[in-house]
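Here's the structure we're looking at; comments come further down.
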Amino acid sequence: MLILLIEDDKELSDGIASFLAGQGDSVVVESDGMAADRLLQERKFDFVLVDVGLPGLGGYEIVRRIRERRQSLPVIMITARDALDDRIYGLDLGADDYLSKPFELAELTARMRATTRRGANAIARRIEFGPLSMDMAGRHASLAEQPLILSSREWDLLSVLAEADGHTVPKERLQGDGSVNALEVYVYRLRRRLEAAGLNIRTVRGFGYRLEITHPATGRTQHHANE
């Protein structure tokens, strides 16, 4: 793989780069955030390892820009910040994993392999449902050809509904570890955002929800079928 390592601790970056090169990977090391962001726009990398605290441009902003450009390459954040809120923030921005310093290089490469496997399973997967399009690898969505910005929980909920292709999804599957009340709040929010584009999340009482295409002229609903 061609890996971009963005790290301003020279001792650490030299150690990581040497270890990865010993496994047959090619590593480009950059210590400045702005320079790294330019590299990401100029070259095609297979993987990004990025520190949070960087001169020029922070790691969180680099990840945000990667996903904003719809670059689907895997990203692992490496940082001394190990608070739960920091990890959640990085993952919500689009990082695939979060590794706290100090760490063993063997753990880093194991996480890279796991992230690559997940990406391979999702590669080229795109869900199309009426005006809704969801890029499963890059976790980007559009509605009526306009970007649809979703929280992590909204993404999970809407992708399951869209992938069901008009079939009803049990409430228990959509609820996950959250409460029924939380699920209803997310459904309400998504309904308000989807209705103008002709989509509706219908409640199937006693069972769950299904995503439907609403004909904009008549208000009638139709079940989606791949055309």
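So the values come out like this:
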{"item": "Rounded accessible area per residue of the chain, 1.4 Å, Å²", "result": "54 Å²"}
{"item": "Magnitude of the charge dipole, the chain, Cβ model with Lys/Arg +1 and Asp/Glu -1, debye to 20", "result": "1120 debye"}
{"item": "13 Å Cα-Cα reach of K171 towards aspartates and glutamates, excluding residues that sit fewer than 8 places from it in its own chain", "result": "E184"}
{"item": "In Hz, Karplus ³J(HN,Hα) per residue of region 17-30 (6.51, -1.76, 1.60; θ = phi - 60°; x = Gly, Pro)", "result": "4, 5, 5, 5, 4, x, 9, x, 8, 9, 10, 9, 9, 9"}
{"item": "Degrees, to the nearest 10: 180-194 long Cα axis against longest axis of the chain", "result": "80 degrees"}
{"item": "Apportionment of accessible area to carbon and sulfur, the chain, percent (1.4 Å)", "result": "48 percent"}
{"item": "Ranked order, F47, F19, F103 - accessible area, probe 1.4 Å, largest first", "result": "F19, F103, F47"}
{"item": "Mean separation of Cα contacts under 8 Å (6+ apart) over length of the chain, as relative contact order %", "result": "12 percent"}
{"item": "Top positive-direction residue, dipole computed over the chain with Cβ charges, set M77, S152, S26", "result": "S152"}
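The values are calculated or read from the model by the stated rules, or taken from the named source; none is laboratory data. Just so it is clear, the structure is predicted and the values come from calculations on it, not from any experiment. All Cβ positions, glycine included, derive from the backbone under ideal geometry; neighbour counts span all protein chains shown. Remember, those area values only see protein heavy atoms, side chains included, never the ligands or the DNA or RNA. Shrake-Rupley method; radii C 1.70, N 1.55, O 1.52, S 1.80 Å.
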